[in-house]
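The values are calculated or read from the model by the stated rules, or taken from the named source; none is laboratory data. As the structure is a prediction and not an experimental result, all values here were calculated from the model. Methodologically, a virtual Cβ is constructed for each residue, glycine included, from the backbone with ideal geometry; neighbour enumeration extends over all protein chains shown. Note: areas computed on protein heavy atoms with side chains; ligands, DNA, RNA excluded. Shrake-Rupley method; radii C 1.70, N 1.55, O 1.52, S 1.80 Å.
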Amino acid sequence: MSLISVQFFAFVSIMLLAYYLVPRRWQQMVVLVFSILFYLSYGAVYVIFILLTIVVTYAMGLVLNRTEERFSALRKSCGDKEQKKKYKADCVRSKKRIMLAGLLLIFAIWFIFKFTPLFSFSPLGISIYTFIAAGYCIDVYRGKFKAERNLLKYCSFITFFPHIIQGPFSRYDVLGETLFEERGFDYDRFEQGMLRLVWGCFKKLVIADRMHVMISELLPRDSAYGGIYILWLIILLPMQLYADFSGYMDIVAGLCHMMGIRLQENFKQPFFARSVDEFWRRWHITLGAWFRDYLFYPVSMSKMVQKISSRCKKRFSPALVRLIPSYIALFFVWSATGLWHGSSPNFLLWGWINLFCIVTSMQFKPLYARIKSRLHIADERRGWQIVQMVRTYLIFGFAEMVSDIRSVHGIMMKCRSLVCDHNWNLLGTPSAFLCGLKAGDMVILAVGIFLMFVVDLMKERKTDIYGAVLRVPVLIRYACYAALFYAVILFGYAGTNAAGGFMYEQF
């Protein structure tokens, strides 16, 4: 069931009706039932694997709870301090073995589907729900919260269909605050959620699907397009991916808001970022936070990495030694992030491009500061900030181009074409950049991108957009709603080369 289809919106309408008509104590059950139905719509066989993940991680959480309780009782009943320390150490070892065994099993299932040819299909959202479930277990192991004893509640959390296709990577203690609450209908909340949902559809259908046509024309390795067209591709890719990915997030966040359920935000105006590091704190925020909390910190603080850092003290400067744990951890994070996207070399190379940019920025930060000082470049100057934003945008666009080309040879050919194919004279021929679209489509696309920029600029300036909208006179407000809705209907791209689904559905 595509998230942009008549069937999906009929499905959502029935769910919302049921959600608010049933007694409030049954609302959680409505969410669970419709989440399972949504998952079944993609294939009944997929349910086997998500249920296996649920059973393993639910049981692991309970066992971790009982292990902690058992050793806690032993410590309380013991008066000897040394024995208490031994019980505490035994508890940590036991919990660690339980956690590692469970994580090994669920990640083994994920690895088999992601990196081996044993199956001809991949269960819907397996990367998303595997990582969400793993994060839950690690949090229980760390004592962040107690494991959920109610199996239906835990099933509702893992199978929650808005986050199961593309995220966000929900945390149990965050999503659970609103997922399991009982609530009545609130018109203002419902209106805000509906507006965000329609805005997400606008970004996807009017902007992203049009740009998909152009990118599909430019991207193939054997395409006749080269030189300036490769630069055009690098410019188009980030905008198309943003409109597609953030459009999905707006749709599901709007739907959740209509039910009073709060999803974690996954984007924070990424194209206003002035460095690659800052960009990744604004883009796919919950994935970055997952790798930070469950991979970066454990690796950088591990005994082995600390030992390596200590051995480097005699050979390197103190400034470099302080950064070595971060560099090692970042290597694991970006290698893992690349492999999470796919097993082919282009994804790993994509991760290492981001790694190189971040590490280089960290290592040469003092040098950059001296150069800017000598050139009298102030960070607060608007012109310099725009230069940094454009630079970051192009780096991201280049990395995305690399991730979309399946072979190293194809990547090298694109890079060679960018530098060596001298067709810059085409800059004076605007029609040369239509790439499969009509002139009218380009006008619609330009207007759509402008509107998206204005909305992001308002958010960057901390404007409460949805609150401001509700303060507009009713007639004007509803006229704007109708205009946005009909813009989606009239200008949503439905050509033969339209993208159809969302780019991250395969994960």
For this session: Would you point out which residue out of 314, 268 is among the basic types (Lys, Arg) and either modelled with pLDDT under 95 or buried (at least 22 other Cβ atoms within 10 Å of the Cβ) (or both)?
Result: 314
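Here is a yes/no grid of residues against (1) out of contact with any Leu (no Cβ under 6 Å at 6 or more places or on another chain); (2) crowded, with 16+ Cβ neighbours inside 10 Å; (3) closer than 14 Å to residue 228 by Cβ:
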residue: 385; (1), (2), (3): yes, no, no
residue: 390; (1), (2), (3): yes, no, no
residue: 396; (1), (2), (3): yes, yes, no
residue: 399; (1), (2), (3): yes, yes, no
residue: 417; (1), (2), (3): yes, yes, yes
residue: 423; (1), (2), (3): yes, no, yes
residue: 429; (1), (2), (3): yes, no, yes
residue: 433; (1), (2), (3): yes, yes, yes
residue: 441; (1), (2), (3): yes, yes, no
Problem set entry | Candidate set from region 205-228 (those that are assigned to a helix (DSSP H, G or I) and over 19 Å from residue 397 (Cα atoms)); member that is most open to solvent (accessible area, probe 1.4 Å) | 205
Problem set entry | Residues of region 401-414 satisfying the condition of being hydrophobic (A, V, I, L, M, F, W, C), in contact (Cβ under 8 Å) with a residue 24 or more places away in the chain and open to solvent by 30 Å² or more (accessible area, probe 1.4 Å) | 408, 413
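Report the residue count in region 1-59 for those that are part of a helix (DSSP H, G or I) and open to solvent by less than 60 Å² (accessible area, probe 1.4 Å).
At the first step, the residues of region 1-59 found to be part of a helix (DSSP H, G or I) are 6-21, 24-40, 46-59.
Right, trim to open to solvent by less than 60 Å² (accessible area, probe 1.4 Å) and you get 8, 10-12, 15-16, 18-20, 27-28, 30-32, 34-35, 38-39, 46-47, 49-50, 53-54, 56-59.
Residues flagged as part of a helix (DSSP H, G or I) and open to solvent by less than 60 Å² (accessible area, probe 1.4 Å) within region 1-59 amount to 28.
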Problem set entry | Subset of region 424-477 that is among the basic types (Lys, Arg) and in contact with a helix residue (DSSP H, G or I) (Cβ under 7 Å, 6 or more places away or on another chain) - its residue that is nearest to residue 216 (Cα to Cα) | 459
Exercise. Within region 348-361, how many residues turn out to be open to solvent by 20 Å² or more (accessible area, probe 1.4 Å) and in contact (Cβ under 8 Å) with a residue 40 or more places away in the chain?
Worked result: 4
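In the list 333, 321, which residue meets the criterion of being touching a Lys or Arg at 6+ places or on another chain (Cβ under 8 Å), among the hydrophobic types (A, V, I, L, M, F, W, C), more than 18 Å from residue 277 (Cβ to Cβ) and surrounded by 15 or more Cβ atoms within 10 Å (Cβ to Cβ)? Walk me through how you get there before you give the answer.
Details: 333 fails: more than 18 Å from residue 277 (Cβ to Cβ).
Within the list 333, 321, the selection yields 321.
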Seminar exercise, completed: Reported set for region 141-197 where residues are β-branched (Val, Ile, Thr), under 19 Å from residue 102 (Cβ atoms) and either in contact with a Leu (Cβ under 9 Å, 6 or more places away or on another chain) or not in a helix (DSSP H, G or I) (or both) is 159
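Could you check how many residues of region 287-311 are of a type outside the set (Val, Ile, Thr), open to solvent by less than 70 Å² (accessible area, probe 1.4 Å) and within 27 Å of the chain's Cα centre (by Cα)? Steps first, please.
At the first step, the residues of region 287-311 found to be of a type outside the set (Val, Ile, Thr) are 287-298, 300-304, 306-307, 309-311.
Those still in the list that are open to solvent by less than 70 Å² (accessible area, probe 1.4 Å) too: 287-291, 293-296, 298, 300, 302, 309-310.
Narrowing the set further to residues that are within 27 Å of the chain's Cα centre (by Cα) leaves 287-291, 293-296, 298, 300, 302.
The total comes to 12.
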